[in-house]
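Asker: Handing you this structure, nothing more for now.
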Amino acid sequence: MPATMITLKAQRPAKSATNRGAAPAAKTCLQCGRTITWRKKWERDWPQVKYCSQACRRAPHQDGADLEDVIMSGLQQVPASQGVDLAQFEVAAAAVRADSPQGAREAVRQAARRLAAAQEIEWVQQGRVVDPSTAKGLVNVRRVCQEGSPR
């Protein structure tokens with residue numbers, strides 16, 4: 001290999017994370033409340049991205065404020081440090097949403113994810129706070145403790 005080619009390669013600046021720039025902040029899906037992380041293919045359309053998947057985009061958008069109110073009122077009845085099993089809210093969700101009682105579990109989880117994204121509640125498994133977008137199995141929820149108040 002000629003010496004000039006080696007010199008040209010050595011002079012080329014190396015790409016680093018600082019040259020590329022940071023990815024935009026993650027968003028929350030309007031339908032299910034899961035975290036949407038930035039992808040290169042969404043670079044041009046990132047401000048318009050609102051849903052995490054085609055299924056969420058196609059699903060009939062329900063406000064969900066009724067289920068969020070059910071969860072928050074249930075959590076108001078217990079101390080902030082104590083968690084409540086998310087499954088306890090499924091019966092109330094089936095009563096509120098009589099049109100689809102079989103989807104009560106996912107509807108409650110979606111409402112709880114939206115509340116967690118708004119930093120009103122925390123999802124807890126085995127005493128540790130977990131990410132609502134990736135949590136599986138039985139989950140407790142508790143109110144977020146305000147600064148200065150005892151847990």
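The values are calculated or read from the model by the stated rules, or taken from the named source; none is laboratory data. From a predicted model like this one, the values you see are computed outputs, not experimental measurements. Using ideal geometry, Cβ is built from the backbone for each residue, glycine included, and neighbour counts are taken over all protein chains shown.
Asker: Does Ser16 fit the bill of being of a type in the set (Gly, Ala, Ser), at pLDDT 80 or above and not assigned by TED's automatic domain parsing to the domain that holds Val130?
Answerer: Considered against the rule, which asks whether it is of a type in the set (Gly, Ala, Ser), at pLDDT 80 or above and not assigned by TED's automatic domain parsing to the domain that holds Val130, Ser16 comes out as no.
Asker: Taking region 110-131 on its own, how many of its residues are assigned to a helix (DSSP H, G or I) and closer than 18 Å to Glu90 by Cβ?
Answerer: Residues flagged as assigned to a helix (DSSP H, G or I) and closer than 18 Å to Glu90 by Cβ within region 110-131 amount to 7.
Asker: Something else about it: Val91: within 30 Å of Cys145 (Cα to Cα) and modelled with pLDDT of 85 or more, yes or no?
Answerer: Details: within 30 Å of Cys145 (Cα to Cα): yes; modelled with pLDDT of 85 or more: no.
For Val91, the condition - within 30 Å of Cys145 (Cα to Cα) and modelled with pLDDT of 85 or more - is not met.
Asker: I'd like the residue in region 40-69 that is touching a helix residue (DSSP H, G or I) at 6+ places or on another chain (Cβ under 7 Å) and under 24 Å from Thr134 (Cβ atoms) and, out of all such residues, is surrounded by the fewest Cβ atoms within 10 Å (Cβ to Cβ).
Answerer: Ranking the candidates gives Val49 first.
Asker: Between Met1, Met5, which is in a loop (DSSP other than H, G, I, E, B), at pLDDT below 85, more than 19 Å from the chain's Cα centre (by Cα) and not assigned by TED's automatic domain parsing to the domain that holds Leu115?
Answerer: Result: Met1 is the single residue among Met1, Met5 that is in a loop (DSSP other than H, G, I, E, B), at pLDDT below 85, more than 19 Å from the chain's Cα centre (by Cα) and not assigned by TED's automatic domain parsing to the domain that holds Leu115.
Asker: Further question on the same structure: From the residues in region 21-77 that are part of a loop (DSSP other than H, G, I, E, B) and of a type in the set (D, E, K, R), which one is modelled with the lowest pLDDT?
Answerer: Per the stated criteria, the residue is Asp63.
Asker: Here's another thing I want to ask about it. What is the one condition in (1) within 23 Å of Arg142 (Cα to Cα); (2) crowded, with 18+ Cβ neighbours inside 10 Å that Gly74 does not satisfy?
Answerer: Result: Gly74 passes all but (2).
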